[in-house]
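Scroll down for the structure; my scribbles are underneath it.
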Amino acid sequence: MGRRIVTIDGPAGAGKTTVSKALARELGWVYVDTGALYRAVAFEIKRRQINWEDSARLERFLACLDLDFVMDGRDPVLTSSGRDISSYIRTNEISMLASATSAIPQVRRALLGIQKSIAGERDAVFEGRDMGTAVFPNASYKFFLTADVNVRARRRFEESNASGISFGKILEDMIKRDADDTQRPVSPLKQAPDALLIDATALDVSQVVEKMKSIIKKV
């Protein structure tokens, strides 16, 4: 029997991570944050001072990259060479670098194997930007989660209010990231034709999860 896959795509700050985690818990499936994988690559590029525009050096770096999800209770923890890097990958700087490096074909190919391996082992909820269009075009259930950009920026600002970054700067970066993600030539952010659009501007997490569960149970 084939494994069941849920894909949740959408722009930054739409609530994909929170919703995906909650949905996976409700279903009893594994949760995979693909955005975290790209952030992990960005973090290691910065930490190791890799010139990611040097194709040969980038290939060597990616060949040695060891990323994995391990369970800590009911939550997955992202590790790099066995080290928990979860607390290092959510900065605004890493977010912007992740958006830039995610457009590089070598990076996408390096991470595709990890995603496919997980999908072959367990029912899973995958969140990202091209899960339903490029990575799992035949997924069992597809959703595209979005919200007004001002609402998304406000949520991100409240999450990172201790960082000292202004709301205006976060909004500016989010608008730029939306443009970068939707206009990149490789696997751009877009709604799959068979994905259900959910606008979470006026919805809380539980309402979004219930809407998704109702669709999954109907099929």
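The values are calculated or read from the model by the stated rules, or taken from the named source; none is laboratory data. Treat the numbers as computed from the prediction; the structure is a model and nothing was measured. Glycine gets a Cβ as well: all are built from the backbone with ideal geometry, and neighbour counts include every protein chain shown. Just the protein is used for accessible areas: all its heavy atoms, side chains included, with ligands, DNA and RNA removed. Shrake-Rupley method; radii C 1.70, N 1.55, O 1.52, S 1.80 Å.
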What's the number of the only condition in (1) more than 30 Å from ILE216 (Cα to Cα); (2) part of a helix (DSSP H, G or I); (3) touching a residue at least 60 places away in the same chain (Cβ under 8 Å); (4) among the aliphatic types (A, V, I, L, M) that ALA103 fails to meet? (2)
Quick check, is ALA63 open to solvent by 80 Å² or more (accessible area, probe 1.4 Å) and over 21 Å from the mean Cα position of the chain (by Cα)? yes
Among the residues of segment 6-24, are any touching a strand residue (DSSP E or B) at 6+ places or on another chain (Cβ under 6 Å), modelled with pLDDT under 85 and not aromatic (Phe, Trp, Tyr)? no
Criterion violated by LEU197 - all others in (1) under 18 Å from TRP29 (Cβ atoms); (2) open to solvent by 30 Å² or more (accessible area, probe 1.4 Å); (3) part of a strand (DSSP E or B) satisfied: (1)
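With respect to ARG108, is the statement that it is under 18 Å from ARG90 (Cα atoms) and either surrounded by 15 or more Cβ atoms within 10 Å (Cβ to Cβ) or touching a residue at least 24 places away in the same chain (Cβ under 8 Å) (or both) true?
no
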Before we move on, is GLY132 part of a helix (DSSP H, G or I), farther than 24 Å from LEU27 by Cβ and not aromatic (Phe, Trp, Tyr)? no
Over segment 162-194, the set of residues of a type in the set (Lys, Arg) and assigned to a helix (DSSP H, G or I) is LYS169, LYS176, ARG177
Show the residue pairs meeting these rules: Cβ distance below 6 Å; 6+ apart or different chains; first residue within segment 41-66 and closer than 23 Å to ASP84 by Cβ; second residue of a type in the set (A, V, I, L, M) and open to solvent by 20 Å² or more (accessible area, probe 1.4 Å). ALA42/LEU97; PHE61/ILE50; LEU62/ALA110
ALA56 - would you say it is assigned to a helix (DSSP H, G or I) and under 17 Å from VAL205 (Cα atoms)? no
Candidates VAL32, VAL77, VAL41, filtered to the one that is open to solvent by less than 10 Å² (accessible area, probe 1.4 Å), farther than 26 Å from LYS169 by Cβ and either of a type in the set (A, V, I, L, M) or in a loop (DSSP other than H, G, I, E, B) (or both): VAL32
Consider segment 147-187. How many of its residues are within 23 Å of ASP130 (Cβ to Cβ) and either open to solvent by less than 30 Å² (accessible area, probe 1.4 Å) or of a type in the set (Asp, Glu) (or both)? 11
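Results for (1) of a type in the set (Gly, Ala, Ser); (2) in contact with a Leu (Cβ under 9 Å, 6 or more places away or on another chain), shown as yes or no for each residue.
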{"residue": "ALA24", "(1), (2)": "yes, no"}
{"residue": "LEU37", "(1), (2)": "no, yes"}
{"residue": "LYS46", "(1), (2)": "no, yes"}
{"residue": "ARG57", "(1), (2)": "no, no"}
{"residue": "ARG60", "(1), (2)": "no, no"}
For a quick check of your reading of the model, give me the residue pairs whose first member lies in segment 118-131 and is closer than 17 Å to SER187 by Cβ, whose second is outside any helix (DSSP H, G or I) and open to solvent by 30 Å² or more (accessible area, probe 1.4 Å), with beta-carbon atoms closer than 7 Å and at least 6 apart or on different chains. ALA119/ARG3; ASP130/SER187
Matching residues in segment 129-146 - criterion: being aliphatic (A, V, I, L, M), open to solvent by less than 20 Å² (accessible area, probe 1.4 Å) and touching a Ser or Thr at 6+ places or on another chain (Cβ under 6 Å): MET131, ALA139
Take segment 200-212 and flag every residue that is loosely packed, with under 15 Cβ neighbours inside 10 Å and either touching a residue at least 60 places away in the same chain (Cβ under 8 Å) or within 17 Å of the chain's Cα centre (by Cα) (or both). VAL205, SER206
